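Right, one structure below, let's go through it.
The values are calculated or read from the model by the stated rules, or taken from the named source; none is laboratory data. Please read all numbers here as calculations on a predicted model, not as lab measurements. Please note: Cβ atoms are built from the backbone with ideal geometry, for glycine as well, and neighbour counts cover all protein chains shown. Each accessible area value is taken on the protein alone, full model and side chains, heavy atoms only, with ligands, DNA and RNA left out. Shrake-Rupley method; radii C 1.70, N 1.55, O 1.52, S 1.80 Å.
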Amino acid sequence: MNVQTPKSSPENRGAGTQVSRKEAEAAVRTLLLWAGEDPAREGLHDTPARVVRSYEEFFRGYAEDPVALLARTFEEIEGYDEMVVLRDIRIESHCEHHMVPIIGRAHVGYLPGTRVVGISKLARVVDAYAHRFQIQEKLTAQIANTINDVLQPRGVAVVIEAGHQCMSTRGVHKPGSSMVTSRMLGAFRDDASTRREFLAMISSRSCTSIES
Ligand SMILES: [Zn+2]
């Protein structure tokens, strides 16, 4: 059986390029058996197919190209040179160590150079990386680095707060804990007042708890 190597380039994505749907469904059946179940019983009959379809949703990010998402930019910005911040972007990801959900939110800010991008595109970049197997540190860096490389703004800031089900439903069992990661580039890294302004913007909201 082929071993699939994780690649983020659009040519080498998962989603069944090397493993057939049948093989993926058989793998789910094996896990059900291993857990002590009878995969042939009525309630589980369609489960392997459902799980594989869920995986197509959870991991659709392998089929998305975050660089291409940021390709269309707008230059008619009337000299706007202040921070652009999109906060509370829902994160639904999966931890690459345990394959269980990471649920949280991301805050993304940048200081435009000469162009801006449609604001929904920032959320799409977050989604494209989140819908892969991840660790939060890498997810945070990938989002910031891609925005930085493609838009070439004066700075990028990304903060992610998330609950990890590998910590809440297993292992140390600490529900309610959340992990916070950040990556600051350009002016957000070099200039303390810019960084403070961003952090104030993302904290001036009503607090909602993170599901984990
Ligand atoms: Zn984990």
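Quick look at the values:
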| item | result |
| --- | --- |
| Of the criteria (1) touching a Lys or Arg at 6+ places or on another chain (Cβ under 6 Å); (2) open to solvent by 50 Å² or more (accessible area, probe 1.4 Å), which one residue 99 fails | (1) |
| Any hit, the stretch 77-92, residues being within 16 Å of the ligand (Cβ to nearest atom), open to solvent by less than 40 Å² (accessible area, probe 1.4 Å) and not aromatic (Phe, Trp, Tyr) | yes |
| Residue match in the stretch 65-82 (condition: modelled with pLDDT of 95 or more and in a strand (DSSP E or B)) | no |
| Test for residue 126: is it modelled with pLDDT of 95 or more and away from the ligand (no atom under 16 Å from the Cβ) | yes |
| Scope the stretch 190-212; condition at pLDDT 95 or above and assigned to a loop (DSSP other than H, G, I, E, B); matching residues | 191 |
| Selection from the stretch 153-200 of residues that are among the aliphatic types (A, V, I, L, M), within 14 Å of the ligand (Cβ to nearest atom) and crowded, with 20+ Cβ neighbours inside 10 Å | 162, 167 |
| Hits in the stretch 113-153 (condition: within 24 Å of residue 197 (Cβ to Cβ), among the charged types (D, E, K, R) and in contact (Cβ under 8 Å) with a residue 60 or more places away in the chain) | 149 |
| Pick from the stretch 29-64, criterion part of a loop (DSSP other than H, G, I, E, B) and not charged (D, E, K, R), ranking: surrounded by the fewest Cβ atoms within 10 Å (Cβ to Cβ) | 36 |
| Selection within the stretch 57-76 - among the aromatic types (Phe, Trp, Tyr) and more than 15 Å from the ligand (Cβ to nearest atom) | 59, 62, 74 |
| Residues within the stretch 129-146 that are surrounded by 18 or more Cβ atoms within 10 Å (Cβ to Cβ), away from the ligand (no atom under 15 Å from the Cβ) and within 12 Å of the chain's Cα centre (by Cα), tallied | 6 |
